[in-house]
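For reference, the structure is listed below as structure tokens.
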Amino acid sequence: MTKLNYSDVTPKGVFLNRRKIIAGALASTALPQIGFAKPLDVVKSEYTVDGEITPRDAAVTYNNFYEFGTGKGDPLANAHTLTTDPWSVEIGGLVNNAGTFGLDDILKDVTLEERIYRFRCVEAWSMVVPWIGFSLSELLKKADPQSGAKYVAFETLYRPEEMPGQKNSRFPYPYVEGLRLDEAMNPLTMIATGMYGEELPNQNGAPLRLVVPWKYGFKSIKSIVKITLTDEQPPTTWNLIADNEYGFYSNVNPEVDHPRWSQASERPIGGGLFAKRIPTLMFNGYADEVASLYSGMDLRTNF
Amino acid sequence: MSMTQTQRLNQVVKTVSAWPIYIVGVLPAAWLFYQAVSNNLGADPLKALEHQLGEWALQLLIATLLITPLRDLFKINLIKYRRAIGLLAFFYALGHLLTYLWLDQQWWWSAIWKDITKRPYIIIGVISFLAMVPLAITSNNLSIRKLGPLTWRKLHQLTYIVVPLAALHFVLLKKTWQLEPILYLGVGLLLVGYRFWRKRLA
């Protein structure tokens with residue numbers, strides 16, 4: 001296995017830009033986490049995509065993480081106060097090895113690999129992100145699901161004193177998400193602990209988050225504290241808020257529009273004012289890997 | 001504000017003509033567009049430009065509705081600036097619409113048509129804009145003479161529909177109920193409601 005340097009996966013312009021950011025960060029340490037966190041040792045993986053990687057400074061400054069505010073820049077401005085160490089994840093429900101595991105516990109048996117995935121937001125913008133992490137299936141296998149387990153429920157941290165968006169909000173916090181067990185076990189489904197060669201910045205869901213590249217971004221729940229195996233479909237936050245707009249599956253599908261947006265195309269973030277719209281691909285380009293999970297299902301009703 | 005201060009303000013208004021408003025008023029749009037082109041509006045300059053032009057249009061629309069209550073309730077007379085403010089509002093709304101058509105949807109007519117016929121917040125935004133068109137076209141002395149002051153005034157009462165619809169467009173495009181757009185809608189409705197309340201008293 002070869003060690004992969006950040007410069008190996010990043011267009012030169014972006015890499016140079018990064019150096020500029022480091023210089024800036026050295027000059028001023030007052031900035032929130034736009035500069036660089038701890039570098040991670042990673043191995044290359046087979047997962048990559050055509051097309052340019054989104055510049056890092058776009059991916060770490062343009063975020064939907066309502067726990068820190070509803071504006072795209074709010075997470076960057078507010079998330080630096082989040083305590084991510086110590087961190088533990090409670091794994092329970094229909095598993096044989098239930099327990100609460102520290103982050104180091106979870107990471108000690110896995111090999112972190114870099115996977116370059118397309119990321120498609122339900123708001124019809126997209127990025128290409130070099131995540132660092134491991135398949136969720138590795139974690140679930142250790143938990144040893146019981147035969148009755150059919151779904152996996154996830155929960156984000158609820159800590160209003162560090163997450164200002166959780167104060168006086170009509171949002172039903174904590175944020176929850178869910179997958180069918182076979183979706184969760186698909187090799188594409190990953191737990192990310194880093195991106196762009198370093199640990200996840202807080203605004204991107206530190207210290208660990210889900211990444212499900214064939215589903216709209218809100219399914220990729222951030223800052224996870226709880227994983228529960230269930231026999232019933234778990235509630236999911238956006239579905240609870242507006243079930244006519246956000247379904248449980250929320251697979252990227254150019255043929256099924258969101259009531260507010262066409263999903264047929266997307267705007268790549270980071271390309272500037274004149275960035276060309278690109279057509280959105282079925283299952284965000286991962287049809288070969290995941291289409292079989294939904295064979296026989298009407299994706300218009302199960303949106 | 002004491003009576004003397006109000007009088008002084010009205011004196012100043014008499015000496016300051018309206019035309020500089022047009023020049024000063026378009027400068028922020030030019031500056032914003034320049035910032036967007038030079039990639040200084042964050043990771044998504046398109047949305048920043050689109051949103052800001054729309055928000056300024058809405059603020060200017062609300063300003064046009066403030067002129068009458070300011071005169072009625074505070075004796076401040078800014079009526080000579082109303083046409084300029086209204087035309088600027090139209091200019092910003094047009095910029096907002098063009099940004100959507102050109103930079104956001106990139107003249108992709110099938111998607112635009114779907115938006116305009118299917119999505120409530122876009123339908124409402126388009127109605128609000130279309131209702132502004134006759135107002136912008138007739139915002140000149142010639143039109144007032146041609147139409148006659150009464151008909152002209154009736155026509156320009158379309159503003160009472162334009163402003164709440166523009167604010168509603170803002171409220172509905174958000175994924176959740178958010179305070180800022182709801183405040184605009186509240187202020188817009190209040191200012192329109194004031195007209196009806198005033199008419200009932202008269």
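Tabulated data
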read-out	value
For A:A275, net neighbour charge (Lys/Arg +1, Asp/Glu -1) across residues whose Cβ lies under 14 Å away	-1
Segment B:A30-B:K14, extension gain: residue separation times 0.36 nm, minus the distance between their alpha carbons	2.9 nm
Residues A:W214, A:W238 arranged by fewest to most Cβ contacts within 10 Å	A:W238, A:W214
Cα gyration tensor shape of the protein assembly as shown, rounded if a/c is under 1.5, else prolate or oblate by comparing a/b with b/c	prolate
Region A:193-238 - percent relative contact order, Cα under 8 Å, separation 6 or more	26 percent
Residues of type aspartates and glutamates that B:K118 reaches as a straight line, Cα spacing below 20 Å, ignoring anything fewer than 8 places off in the same chain	A:E123, A:D243, A:E245, A:E255, A:D257, A:E266, B:D104
Exposure proxy ranking, count of Cβ atoms within 10 Å, fewest first, for A:T193, B:T4	B:T4, A:T193
In region A:216-303, the trypsin sites (Lys or Arg not before Pro) that fall in loop regions by DSSP, at most 12 other Cβ within 10 Å	A:K276, A:R300
Value at 222 nm in deg cm²/dmol, rounded to 500, when DSSP H runs of n ≥ 4 in chain B each add -39,500 (n - 2.57)	-26500 deg cm²/dmol
11 Å beta-carbon shell around A:T230, net charge (K/R +1, D/E -1)	0
Residues of type lysines that B:K146 reaches as a straight line, Cα spacing below 29 Å, ignoring anything fewer than 8 places off in the same chain	B:K14, B:K80, B:K154, B:K199
Helix runs (DSSP H) in chain B reaching 15 Å along axis by Cα, Kyte-Doolittle at least -1.0	B:3-15, B:19-37, B:45-74, B:82-98, B:120-137, B:159-173, B:179-201
For region A:245-262, Karplus couplings with θ = phi - 60° (6.51, -1.76, 1.60), whole Hz, Gly/Pro x	9, 10, x, 5, 6, 6, 6, 4, 8, x, 8, 10, 6, 6, x, 9, 9, 6
Sparse-neighbour loop sites [trypsin sites (Lys or Arg not before Pro); region A:55-148; at most 14 other C-beta within 10 Å; DSSP]	A:K108
Neighbour-count order for A:V95, A:V252, fewest beta carbons within 10 angstrom listed first	A:V95, A:V252
Mean Cα-pair separation over length for region A:34-294, i.e. relative contact order, pairs under 8 Å, 6 or more apart, %	22 percent
Global form of chain A, assessed from the alpha-carbon gyration tensor, a/c cut-off 1.5	rounded
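Every read-out reported here was derived from the displayed coordinates using simple, explicitly stated rules and does not represent laboratory data. In this text the structure is predicted, and so the values were computed from the model without any measurement. All Cβ positions, even for glycine, are placed from backbone atoms using ideal geometry, and neighbour counts span all protein chains on display.
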